[in-house]
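Participant: If you scroll down you'll find the structure; I have some questions about it.
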Amino acid sequence: MDSVRIDKYLWAIRAFKTRTEATEACKGGRVKVGGQNAKPSRDVSPGEVITLRKGPVTYTYKVLRPLENRVGAKLVPDFVEDLTPEEEKARLHAPVETFFVTRERGTGRPTKKERREMDQLWDSL
């Protein structure tokens, strides 16, 4: 076997839990081979470099041997070389910044009392 579909390969090396997820990632433009977007049916051969964006991390893999069926996690290094830099992997464990900012009560939208006062002002005009 010289080549295999990229969606099957990504599923087989355990980059995705299901083949459907791998297919959707290819269709969504999150998988690149040689810097170009890869369709799910694209064949990959030994020596090709796959770039895969999952969440905040961009993984980089080098195909060592094509693989069509899913194998155990211990056997995956025989088929793929992980070229992902450590700083990319560190993003996975980075603290998530929250955008919620505390505010003093009544400084945002008008309170019920303030709204009534505004309504009275508008009615008096």
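Values in this text are rule-based calculations from the coordinates and carry no lab data. Note that this is a predicted model, so its numbers are computed, not measured. Neighbour counts run over all protein chains shown; Cβ positions are idealised from the backbone, glycine included.
Participant: Counting each DSSP H run of 4 or more residues in the chain as -39500 (n - 2.57), what helix-only mean residue ellipticity at 222 nm follows after dividing by all residues, to the nearest 500 deg cm²/dmol?
Facilitator: -8000 deg cm²/dmol, from helical runs alone.
Participant: Among Ser3, Ser124, which comes first, second and so on when ranked by fewest other beta-carbon atoms within 10 Å?
Facilitator: Neighbour counts put them in this order, fewest first: Ser124, Ser3.
Participant: Tell me which lysines have Cα within less than 29 Å of Lys62's Cα, excluding those fewer than 8 residues away on the same chain?
Facilitator: In chain and number order, the partners are Lys8, Lys17, Lys27, Lys32, Lys39, Lys54, Lys74, Lys89.
Participant: Treating only the Cβ atoms of Lys and Arg (+1) and Asp and Glu (-1) as charged, compute the dipole magnitude of the chain about its Cα centre; round to the nearest 20 debye.
Facilitator: Its charge dipole is roughly 380 debye.
Participant: For the chain, what is the relative contact order in percent, using Cα pairs closer than 8 Å and at least 6 residues apart in sequence?
Facilitator: 21
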